[in-house]
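A short worksheet on the structure shown next.
The values are calculated or read from the model by the stated rules, or taken from the named source; none is laboratory data. These numbers were taken from a predicted model, which means no experiment stands behind them. As a convention, Cβ positions derive from the backbone with ideal geometry for all residues, glycine included, and neighbour counts pool all protein chains shown. Calculation scope for accessible area: heavy atoms of the full protein, side chains included, ligands and nucleic acids excluded. Shrake-Rupley method; radii C 1.70, N 1.55, O 1.52, S 1.80 Å.
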Amino acid sequence: MAEALPLIKGTLDLLVLKALSWAPMHGFEICAWLEERSDGSFDVDDGALYYSLHRMEERGLIRSEWRLTDNNRRARYYQLLPAGRTHLRTETASLERYVRALTGILSARPA
Amino acid sequence: MSLPRRLFRLGIRRPGGARDEMLEELEFHLESRIAQLVARGLSPEDARREAVRRLGGSLAQTRRRLGDSAERRDRRMDMLQAMRNLADDVAYAVRGLARRPGFTIAAVLMLAIGIGANTALYSAVDALLLRSLPYAEPSRLMDVVQTNGPGGNSPWSWPRYRYFRDAATSYASIALHQYSQTTLTGTDPERIGIEEVTAAYLPTLGLKVRLGHDFPGDLDAGPGARKVALISDALWQRRYNADPAVTGRTISLNRESWEIAGVLPPGFRGLSGRADVLVNLTARQADDLIQPWSLEFDLIGRLRPGVTPAAAASEAHILGGRIAEVFPVEKGTLTTDAAPERWSADARPLNAIRVAPALRRSLLVLFGAVGMVLLITCVNMANLLMARALARKQEIAVRLAIGASRARLIRLLVTESVVLALMGGVASLGVALAGARILSLINPTEALRAQGLAGGIGAVSFEMIHLDASALAFAFGLTLVVGLLFGLAPAWSGTRADLSRDLRDGSPLARGGRGIGVSRRSLVVAEVALALVLLAGSGLMLRSLGNLLQVDPGFDARHVLTLRLALPPGEVAHDSMPGFYDEIQAALAALPGVDGVALEDCPPLNGGCNSTIMTFADRPPSATGNAMIGVHWVSPEWFRTMRVPLLRGRGFTGADRIGAPKVVVINETAARRYFPGEDPLGKQVAVYQGGFNTGAEVVGIVGDVRYETIDSTARPDAYIPYAQAPVGRMMIFVRTTQDPAALAPSAMARLRQVAPSAPIYDIQPMESRLASASSQARFSAILLGLFALVALTLAVTGIYGVMSFAVAQRTREIGIRIALGADRRRVLALILREGGLLALVGAGIGLAAALASTRVLRGMLFEVTTTDPGTYAAMIVVLAAAALTASWLPARRAARVDPMVAIRAD
């Protein structure tokens, strides 16, 4: 396994929103989902995830409620709100544009 | 936002608190992570260590930080929610108000008047009574007076001051001051205010010159000191173009030159508020200053730190007694009665005497009255909102039924009333601004003196009234209080819904027969009662004003222009003055439209003139005690010009000049008081002024003229022909056939030619002097009358509103009655009786309250008692008539109810 990359500032929120766009999840589920998708290439601090959730709930991008898991445990589930979905869409688009521009410059070779 | 969403957003409060929940969430996270790692083959111990590491190392620290973060999140979300709720409530209120523009405009107007009038009067009360005096540590400043029996306060003489200054230990610094007027001589002469002070004046007040230096301390050593002046900032700007090199130059006052030491701080014009120059009183010569009975100076002192006003007062009592022993009353000096006098001294905080007590009282009365108007406004608003809440009973019941909390609904309704109040508050600023402006323009100091309201510190004046930050804060606070006051009661009773009944009943109008609630009736009763209190108060004041205006001042003020003329000393030699005055009179008499010109030294309604004692040639001095008499220098034409009737004997003629036998004319009161049962004509008297102490013959008796105030009875007066004892200051009276004000420019121009270096000032028609003599009474009466009118209007609309509502509620019942054969006239009587009953109960309570509260008007009333039955009866009739009119319209509507329509309705 290669050395894990640090996350670029702001992208954690985006990844969390992406995770929640599939289904409501509790905190650990989000962690597991991110690890699975990134194949361990991102170094996500578990604590940072919760700060991100607090931040986004406060901003009205997601909401939370207590539910029972499949194993009948009480867990706090987070759910995407319409504002969060919009945020995910626009931020993803701008990040893609950014990466494309960056790649274009960095991959150019002297003629 | 839709109703359900509004309701369901209420009260989302997580049980257990954010921190506990966070800990539970974290615990769950740890367990899940450990389970995952164990499943991947780690030992439980290693798995736990790894799980904690991924959370950021120290578990305790993670717990604390995440707990903090969760709490912060909830706090912010709650705050945001509260703000959204408020915004929703405000938007809801605004929409509701916009739907009913008539109601809203009426309510906003009502509140604007109520709050605005209160704010304007507050600004007056603040400026005149509350605001701290503009001196350093004003609470340490004391006004020290000599006392002569109860209420008899007297100023100080230099020797007495010196004794007090050397003996008193309460003060860090004390100073004398006395205001007068002088002439700024030189080019473009000008009449200005001046204060003669001791060198410690500014340090005592805690002030410093803005330029140059203060009076040197050695000036206070004694009489005959060099002449030093400080000039006001205003004078410095106006006459010296703010020249910084002004110090060391001289200023010419009454043709004497004074060295300018410095410039006073901006805005400070002495305690008189009117001085442009301060001079050292020690510049006077010794014989002018060392008379112990020359009582002319006021004394202020700054208390030493830690000395209380009470301690200073008791020291003043002791020292006052000692001073009385050191300077005993000499026999035959100026005293007003034969009783031995007990002289002492007293010290009062300067702040306590800032305005005349009568002025303080009338301000407080008006402030109380305007507060009452606002109270009625609130009651009326509550009444209106209660009617609204009743109409919305069903909507409110629905909200309660689907889970809105009562507190939330009350908040919703109170928000509406506060929004309404804020709209009124904003509109009130216009009213307040205009009101404060009007208040600041009335009652210049001269008018106050003419009404016996002078006294106090001249620097505290009506000109200080303006809307400042404190007035705005007052208006804002008042607005919120008012909004809560008239909003809370209707919101409370409006949401106290009997759920099932209100839902079942459907339309509130369906509940016929129950009439209107007790609460609304009590509100109307309260309104009527308050209105009667104001009506009674204003009725008494108007009555008093009427009496005041009926007073015959003793002369005819119409078509007379008055101008003051002050000759600088030496301008005209003493013996040439009569000729000079003759010239002036002749010049003015030649102007077109002039019907008569005359001179007199002190105008009527001046708040008092010069007086002295009179003795009688045919009686020993002890027989009459000390007969006080006012002294007036007049030209021969004065009585005719002012239409003062000559009752007996003769007036003065051109032959009564220097060298001719001295003659006096006395007024009716003097004749009655000093010559009871004998004929004054031909009697020899000595008047101790103007050289008439050598004796003069009484040659005539004229009618009384009020020289003091319009409401004080005339005192004994004597008139001296100015040609036998000329004085340098005269008032010119010009009777015209036209508008006296229109004559002013040509009269001024003419006087400039004849007397180019004599300042001419205080030019106004005699009628405006007469008017300002009753301006305080007029002002109080008019304002109170206005307040009463507003109160009456509000009470009438209150009665009208309640009766209309009652009739609307009972339409079906009335319809049935009429269908069953009730006489329409009896229906009319029924409704009228109900309205009349409300008015009657209100009037009864109001009568008791008025009798109790109009007692504060005692002392402000002229020839009316506070329980004047005529006034009360008249006001009750006014109120009853208004109440019946207000009930008449709804009653007529009730009597016209069509039974078929009424019964079919709903």
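Assorted remarks:
Yes/no per residue for (1) modelled with pLDDT of 90 or more; (2) in a strand (DSSP E or B):
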position	(1), (2)
B:Leu599	yes, yes
B:Leu605	no, no
B:Met614	no, yes
B:Leu647	yes, yes
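- Among all residues of segment B:28-36, there is none that is more than 9 Å from every other protein chain (Cβ to nearest Cβ) and open to solvent by 70 Å² or more (accessible area, probe 1.4 Å).
- When residues of segment A:58-71 are limited to those that are in contact with a Phe, Trp or Tyr (Cβ under 8 Å, 6 or more places away or on another chain) and within 11 Å of chain B (Cβ to nearest Cβ), the one surrounded by the most Cβ atoms within 10 Å (Cβ to Cβ): A:Ser64
Yes/no per residue for (1) open to solvent by less than 30 Å² (accessible area, probe 1.4 Å); (2) without any contact (Cβ under 8 Å) to a residue 60 or more places away in the chain; (3) not assigned by TED's automatic domain parsing to the domain that holds B:Met381:
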residue	(1), (2), (3)
B:Ile799	yes, no, yes
B:Ser804	yes, no, yes
B:Leu832	no, yes, yes
B:Leu840	no, yes, yes
B:Ala843	yes, no, yes
B:Leu847	no, no, yes
B:Ser853	no, no, yes
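- Just one of the numbered conditions (1) in a helix (DSSP H, G or I); (2) at the interface with another protein chain (Cβ under 10 Å from one of its Cβ atoms); (3) open to solvent by 30 Å² or more (accessible area, probe 1.4 Å) is not true of A:Leu53: (3).
- Within segment A:41-50, the set of residues being away from every other protein chain (no Cβ under 12 Å) and surrounded by 15 or more Cβ atoms within 10 Å (Cβ to Cβ) comprises just one member, A:Phe42.
- Segment B:289-300 residues that are under 22 Å from B:Ala347 (Cβ atoms), paired with ones that are of a type in the set (Asp, Glu) and modelled with pLDDT under 90 (beta carbon under 9 Å, 6 or more apart): B:Trp293/B:Glu330; B:Ser294/B:Asp288
- B:Arg165, sole failed condition from (1) touching a residue at least 12 places away in the same chain (Cβ under 8 Å); (2) open to solvent by 60 Å² or more (accessible area, probe 1.4 Å): (1)
- Only one of the numbered conditions (1) surrounded by fewer than 13 Cβ atoms within 10 Å (Cβ to Cβ); (2) free of Cβ contacts under 8 Å to residues at least 40 places away in the same chain; (3) more than 38 Å from the chain's Cα centre (by Cα) is not met by B:Gln285, and that is (2).
- Taking segment A:17-29 as the range and being more than 14 Å from every other protein chain (Cβ to nearest Cβ) and touching a residue at least 40 places away in the same chain (Cβ under 8 Å) as the test, the residues that pass are A:Leu17, A:Lys18, A:Leu20, A:Ser21, A:Pro24.
- Residues in segment B:7-27 that are assigned to a loop (DSSP other than H, G, I, E, B) and either more than 11 Å from chain A (Cβ to nearest Cβ) or modelled with pLDDT of 90 or more (or both): B:Arg9, B:Leu10, B:Gly11, B:Arg13, B:Gly17.
- Considering B:Gly270, B:Gly321, the condition of being closer than 17 Å to B:Ala200 by Cα and either open to solvent by 10 Å² or more (accessible area, probe 1.4 Å) or not in a strand (DSSP E or B) (or both) is satisfied by B:Gly270 alone.
- The one condition in (1) within 46 Å of the chain's Cα centre (by Cα); (2) at pLDDT below 90 that B:Thr694 fails to fulfil: (1)
- Summed over segment B:763-786, the residues that are out of contact with any Leu (no Cβ under 7 Å at 6 or more places or on another chain) and charged (D, E, K, R) give a count of 1.
- Residues being open to solvent by less than 30 Å² (accessible area, probe 1.4 Å) and farther than 14 Å from B:Arg496 by Cβ - total across segment B:389-402: 0
- Selection of first residues in segment A:43-57 that are small (Gly, Ala, Ser) and of second residues that are crowded, with 17+ Cβ neighbours inside 10 Å, restricted to Cβ pairs under 7 Å at least 6 apart or on distinct chains, gives the following pairs, ordered by first then second residue: A:Gly47/B:Leu55; A:Gly47/B:Thr62; A:Gly47/B:Leu66; A:Ala48/A:Leu12; A:Ser52/A:Leu12; A:Ser52/A:Asp13; A:Ser52/A:Val16.
- Qualifying positions in segment B:39-61 - more than 11 Å from chain A (Cβ to nearest Cβ) and open to solvent by 60 Å² or more (accessible area, probe 1.4 Å): B:Ala39, B:Arg40, B:Gly41, B:Leu42, B:Pro44, B:Glu45, B:Asp46, B:Arg48, B:Arg49, B:Ala60
- Filtered residues of segment B:559-590 (kept if touching a strand residue (DSSP E or B) at 6+ places or on another chain (Cβ under 8 Å), part of a loop (DSSP other than H, G, I, E, B) and at negative phi): B:Leu567, B:Pro568
- Among all positions in segment B:82-94, there is at least one residue which is within 14 Å of another protein chain (Cβ to nearest Cβ), over 30 Å from B:Arg360 (Cβ atoms) and among the hydrophobic types (A, V, I, L, M, F, W, C).
- Residue, farthest from B:Glu27 (Cα to Cα), within segment A:72-85, restricted to residues that are more than 10 Å from chain B (Cβ to nearest Cβ) and surrounded by fewer than 13 Cβ atoms within 10 Å (Cβ to Cβ): A:Pro82
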